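Data block below; observations after.
The values are calculated or read from the model by the stated rules, or taken from the named source; none is laboratory data. As the structure is a prediction and not an experimental result, all values here were calculated from the model. When we count neighbours, we look across all protein chains shown, and the Cβ atoms used for this are built from the backbone with ideal geometry, even at glycine. When the accessible area is computed, the model is the full protein with side chains, heavy atoms only, and any ligands, DNA or RNA have been set aside. Shrake-Rupley method; radii C 1.70, N 1.55, O 1.52, S 1.80 Å.
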Amino acid sequence: MLIIEDDLDITDILTVLFTDEGYTVTSINQTDDIIRTVEEVKPDLIITDYILEGINGGEYCSQVKNNPETAHIPVVLLSGYAKVLESLGNYGADAVIYKPFDNNELIDTVGAMLS
């Protein structure tokens, strides 16, 4: 699992949450080339924050979903900006979870995508 989140507290929470569930987690706060990062990490699933410093996480999602080599990887967008995201679309995300998120809902969503 690849987590892209620039809030270190949320990164820590997500890392512990999914590590405790038995997932292997790689966490980053940004990347210059999402496709190269995905090729290196080889995640089964990506969780990305919607608002990241310098880039919209939806753009990462769109790049992953529009690349034939990575399009199969489920992407979950996390967002504290429901109205903004609803007006712009979900960028092809497999799920959108709004902050503050419920840990069990997030775990269930990820589990369903990976089963």
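Some notes on this structure:
- Using a probe of 1.4 angstrom and keeping all protein chains present, the accessible surface of the chain works out to 53 square angstrom per residue.
- Every Cα-Cα pair of region 1-65 was included, and the share exceeding 21 Å stands at 17 percent.
- Of the solvent-accessible surface of the chain, computed with a 1.4 Å probe and all protein chains present, 47% belongs to carbon and sulfur.
- Charging the Cβ of each Asp and Glu at -1 and of each Lys and Arg at +1, and nothing else, the dipole of the chain about its Cα centre rounds to 340 debye.
- Where only C-alpha atoms are counted, convex hull volume of the chain per residue in Å³: 92 Å³
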